[in-house]
Amino acid sequence: MYRYFIQPQLNKFTKSLFGYEFLIRKFDDQHWILPEDFNAILVDVQAVLLQQTAGKLALKISSVSFNLNRTQFINPEMADALAKVQLALYPVRLIVEVTEEPTDKGISKAQVAAEVSYYDQHGIQISLDDVGSGNNTLANVESFLPLVHEIKFAMQNFRREGRAARSQNS
């Protein structure tokens, strides 16, 4: 069994809630855990959970963010399911945060770029998640920058480099 847990997204300047990031978890052995293989989660399961959870919050927020690895992101079945969810949830905006996983090797930049266009045509925004971590370096994602709506950097990278205080003031 899967479930989305929600993490509030706040506007630092207005101190207001504008959305939630949905984090999927699997119930296993009496605990909610991070799934080992996100690709094993059926598309229909994710789409239904996303629509049910976001539907309950729709009057309170303007956007819902959730992660897809690159394998899930380029899956046409996933893209079609999310287009239907976006239509059902409008005016709430879906934001797909594209992550990277070791299982994503072999997926070309061209495949990702082609899928970005499809999502964009269906009103779904794209965010690049954890830029600066793993292979998600600026050099590896730079060609996507004109295509996406947002990039997210992991704060732990700034902390490790001693730049956390400076980045929080920006």
Inset, instruction - Tell me which residues, restricted to segment 48-71, are part of a loop (DSSP other than H, G, I, E, B) and touching a Leu at 6+ places or on another chain (Cβ under 9 Å). - result: Ala58, Lys60, Ile61
Legend entry - Scope segment 10-35; condition touching a strand residue (DSSP E or B) at 6+ places or on another chain (Cβ under 8 Å) and farther than 21 Å from Leu82 by Cα; matching residues: Leu10, Asn11, Ser16, Leu17, Phe27, Trp32, Ile33, Leu34
Inset, instruction - Would you be able to tell me the number of residues in segment 1-56 that are exposed (fewer than 12 other Cβ atoms within 10 Å of the Cβ) and in contact (Cβ under 8 Å) with a residue 12 or more places away in the chain? - result: 6
Inset, instruction - Please verify whether segment 72-91 includes one or more residues that are assigned to a helix (DSSP H, G or I), over 21 Å from Gln46 (Cβ atoms) and modelled with pLDDT of 85 or more. - result: no
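The values are calculated or read from the model by the stated rules, or taken from the named source; none is laboratory data. Computed from a predicted structure; not experimentally measured. Please note: Cβ atoms are built from the backbone with ideal geometry, for glycine as well, and neighbour counts cover all protein chains shown.
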